[in-house]
Structures are given as C-alpha cells and as structure tokens.
Amino acid sequence: MSKYQIAVVVGSLRQDSFNRKLASAVAGLAPPEFSFKQVQIGDLPLYNQDDDANQAEPVKRLKGEILAAQGLLFVTPEYNRSIPGVLKNALDHASRPYGQSAWAGKPAGVLGASPGAAGTAMAQQHLRNIFAYLDIPTLGQPEAFIQVKEGLFDEAGNIGAGSKPFLQNWMDRYAAWVKKHTA
C-alpha cells in the first residue's frame, strides 16, 4: 500500500476529457510512494441541505474516499470562466453537514487543461477561493494553466516530452507539499 493516497477529483464528466487524461498522465510523474485514485462525482445528487441528516450513499462514498486520502488533486476544465457545476456540487456535498467537512486540512494541488491560451486560470482561481473557506491548504506555486495542443500527451497517453519538465517540477512540488502537510 502506498504511503500517500491521493484522491483525484476531475471536474469533467466527459469520457474523453482532456482533464481526465491529464489527471491520469500526471500521476505517472509522482514518486513511487504516491498512489492516485480518481473519485466518482457524476452520480452525486444535487446538493440539498435538507438531506444533510441522511446523506445519499454516493455522498457517503465520496466523503469516505476523501477522508481515507492523505492529499487531494483537483484537475478541472473551465466552464463559462468558472468551475463546472458537477465539481461545485461535489465540494458542497463533502463539506456538509456544517462542521463535518471531509476536505478540511487535506493538502491539495490544482491543475487544469483547456484548448484556450489561458488554460483554466479563472476556474483555478475560483477553486482557490472555495478552498480557503473549506480549510484546504493549496499548493500556490507553480501554477499550472495547461493549454491543450499537439504534444501535450504522447502516443501512450503520458505527458509529452515538451511538457514533461514543467509538469515534473509541478509534481515534485506537489509531492513535497503533501508530505509537509501530512508530517
């Protein structure tokens, strides 16, 4: 069993999502003591505070996976200059009921990929604002606003040679961040 289990939250439900591919590929750059598990968020009901006392099974599963992890990795697209609704829904569910947040204190990293030149800068900034409230210590630097273009991934789906030095540095910093906050 890996020493550092990371819960990966991908903000896209699309099967062929750039961000799902990025989440899988960047995990391959991690130290051997890290393991990554993408948590499912597409089956969560819409958040309704009336359900806090009797959370649905998918919500309990999500919270359990987050609580079992030593760190978090969020990989998200940008929808209309913000985060996707499915991601906000997951954040709300796992933070409730008030005082029972599964997110609190879990060190996180944020990545995102988009065909646009700005990558996912606005979505990541909105996430960071939410994380501040949820007490999720978040790696600040380096920021990673990834533009999806030829060569980002190689033929095998790994990070391509041109992007590998930057993303390896990001992963090295992220791994150190998780270790620092779980010591």
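Scanning the range 4-20 for residues that are of a type in the set (S, T, N, Q), in contact with a strand residue (DSSP E or B) (Cβ under 6 Å, 6 or more places away or on another chain) and surrounded by 18 or more Cβ atoms within 10 Å (Cβ to Cβ) yields a total of 1. Residue count for the range 105-120, restricted to those that are buried (at least 17 other Cβ atoms within 10 Å of the Cβ) and either of a type in the set (G, A, S) or under 17 Å from S12 (Cα atoms) (or both): 9. Restricting to the range 119-139, name every residue that is within 17 Å of G71 (Cα to Cα), touching a Phe, Trp or Tyr at 6+ places or on another chain (Cβ under 8 Å) and among the aliphatic types (A, V, I, L, M). Answer for the range 119-139, where residues must be within 17 Å of G71 (Cα to Cα), touching a Phe, Trp or Tyr at 6+ places or on another chain (Cβ under 8 Å) and among the aliphatic types (A, V, I, L, M): L127, L134, I136, L139.
Residues checked against (1) within 13 Å of I6 (Cα to Cα); (2) without any contact (Cβ under 8 Å) to a residue 40 or more places away in the chain:
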{"position": "A56", "(1), (2)": "no, yes"}
{"position": "R81", "(1), (2)": "no, no"}
{"position": "H93", "(1), (2)": "no, no"}
{"position": "A104", "(1), (2)": "no, yes"}
{"position": "P107", "(1), (2)": "yes, no"}
{"position": "V110", "(1), (2)": "yes, yes"}
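Residues of the range 26-59 that are surrounded by 14 or more Cβ atoms within 10 Å (Cβ to Cβ) and in a helix (DSSP H, G or I): V26, A27, D51, D52, P58, V59. Being buried (at least 17 other Cβ atoms within 10 Å of the Cβ), of a type in the set (G, A, S) and within 15 Å of L29 (Cα to Cα) holds for only one residue in S95, S101, S163, and it is S163.
Pairs are defined by a Cβ separation below 9 Å, a sequence spacing of at least 6 or placement on different chains, a first member in the range 34-49 that is more than 21 Å from P97 (Cβ to Cβ), and a second member that is of a type in the set (D, E, K, R) and part of a loop (DSSP other than H, G, I, E, B); the pairs so defined are F34/K3; S35/K3.
Report yes if some residue within the range 131-141 is modelled with pLDDT of 95 or more, within 22 Å of S24 (Cα to Cα) and of a type in the set (D, E, K, R); otherwise report no. Within the range 131-141, none of the residues are modelled with pLDDT of 95 or more, within 22 Å of S24 (Cα to Cα) and of a type in the set (D, E, K, R). For A113, state whether it is in a strand (DSSP E or B) and touching a helix residue (DSSP H, G or I) at 6+ places or on another chain (Cβ under 7 Å). Against the criterion (in a strand (DSSP E or B) and touching a helix residue (DSSP H, G or I) at 6+ places or on another chain (Cβ under 7 Å)), A113 qualifies.
Filtered by the rule that a residue be within 14 Å of F74 (Cα to Cα), assigned to a loop (DSSP other than H, G, I, E, B) and free of Cβ contacts under 8 Å to residues at least 60 places away in the same chain, the range 121-154 gives P137, L139, G140, E143, A144. Among the residues of the range 11-33, the ones that are touching a residue at least 40 places away in the same chain (Cβ under 8 Å), under 20 Å from K179 (Cα atoms) and not hydrophobic (A, V, I, L, M, F, W, C) come to 2 in all. I'd like to check something: does the range 140-147 contain any residue that is touching a Phe, Trp or Tyr at 6+ places or on another chain (Cβ under 8 Å) and either buried (at least 16 other Cβ atoms within 10 Å of the Cβ) or polar (S, T, N, Q) (or both)? For the range 140-147, residues touching a Phe, Trp or Tyr at 6+ places or on another chain (Cβ under 8 Å) and either buried (at least 16 other Cβ atoms within 10 Å of the Cβ) or polar (S, T, N, Q) (or both): present.
The values are calculated or read from the model by the stated rules, or taken from the named source; none is laboratory data. Everything numeric here is computed off the predicted structure, so don't read it as measured data. In this analysis, Cβ positions are derived from the backbone assuming ideal geometry, glycine residues included, and neighbour counts consider all displayed protein chains.
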